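The values are calculated or read from the model by the stated rules, or taken from the named source; none is laboratory data. The shown structure was predicted, so the numbers you read here are calculated from the model rather than taken from an experiment. Cβ placement follows ideal geometry from the backbone for every residue including glycine, while neighbour counts extend to all protein chains displayed. Keep in mind that these areas ignore ligands, DNA and RNA; they rest on the heavy atoms of the full protein, side chains included. Shrake-Rupley method; radii C 1.70, N 1.55, O 1.52, S 1.80 Å.
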Amino acid sequence: EAQVTQNPRYLITVTGKKLTVTCSQNMNHEYMSWYRQDPGLGLRQIYYSMNVEVTDKGDVPEGYKVSRKEKRNFPLILESPSPNQTSLYFCASSIPGTGGYEQYFGPGTRLTVT
Amino acid sequence: AQTVTQSQPEMSVQEAETVTLSCTYDTSESDYYLFWYKQPPSRQMILVIRQEAYKQQNATENRFSVNFQKAAKSFSLKISDSQLGDAAMYFCAYRRADMRFGAGTRLTVKP
């Protein structure tokens, strides 16, 4: 089954404790992206990757890191999480990085930072 | 930077009736793509419909259709014969390189 998986689905952590949210897709997609969803703000892009070893900042990259060492994986790293990073996070992938290709979304990760 | 605006935070519709969700966007580009995504309570993002900016014909997918006005930078979604399963958050999105989303419209369907 073609899908984007994220782990964990739910995470409660404390300020300053480094964490990683994993994202994996099995569709051989070139493009992968991370979003955060907050009430009243919709989805905002954090980072995206056009292909392996190619990453770029989205609208809200502060406090996040990413890497793309393999085509299928695109982990999101919070080196020192803060309460303002409490949010719902989505990973997404698509064939190329431009054009009208549908982005396939993971199920979301609910992160709470206390 | 491109921005996407959904001016209706909440909408409601009676079952079997028609509802239109509004979306406007700002861009200086001529070639781009527009999308409507649905997010039910499960939180899964589901593509409803897409529109290529170079196509004048409005996209349709069964009960879902769009009214694309390129000069006005408007991209509304019409849902006909609304069903209870249509209740969800709806997000309008613009894509050229990265993808920009609106803040969303919460649609309630009344039986």
Residue in the range A:94-104 that is surrounded by 15 or more Cβ atoms within 10 Å (Cβ to Cβ) and within 11 Å of the chain's Cα centre (by Cα) present: no
Among the residues listed as A:Glu70, A:Glu102, the single one being under 24 Å from B:Gly102 (Cβ atoms), among the charged types (D, E, K, R) and assigned to a loop (DSSP other than H, G, I, E, B): A:Glu102
Set B:Lys78, B:Lys73: member being open to solvent by 70 Å² or more (accessible area, probe 1.4 Å) and away from chain A (no Cβ under 14 Å): B:Lys78
Condition check for B:Tyr90: within 11 Å of chain A (Cβ to nearest Cβ), surrounded by fewer than 18 Cβ atoms within 10 Å (Cβ to Cβ) and hydroxyl-bearing (Ser, Thr, Tyr): no
A:Pro81 being open to solvent by less than 30 Å² (accessible area, probe 1.4 Å), over 25 Å from B:Met89 (Cβ atoms) and not in a strand (DSSP E or B): yes
Among residues of the range B:25-45, those that are open to solvent by 60 Å² or more (accessible area, probe 1.4 Å) and touching a residue at least 12 places away in the same chain (Cβ under 8 Å), counted: 5
Count - residues of the range A:23-69 that are within 20 Å of A:Glu1 (Cα to Cα) and surrounded by fewer than 16 Cβ atoms within 10 Å (Cβ to Cβ): 3
Extreme residue, farthest from the other protein chains (Cβ to nearest Cβ), among residues of the range B:36-47 that are farther than 13 Å from B:Gly104 by Cβ and among the hydrophobic types (A, V, I, L, M, F, W, C): B:Ile46
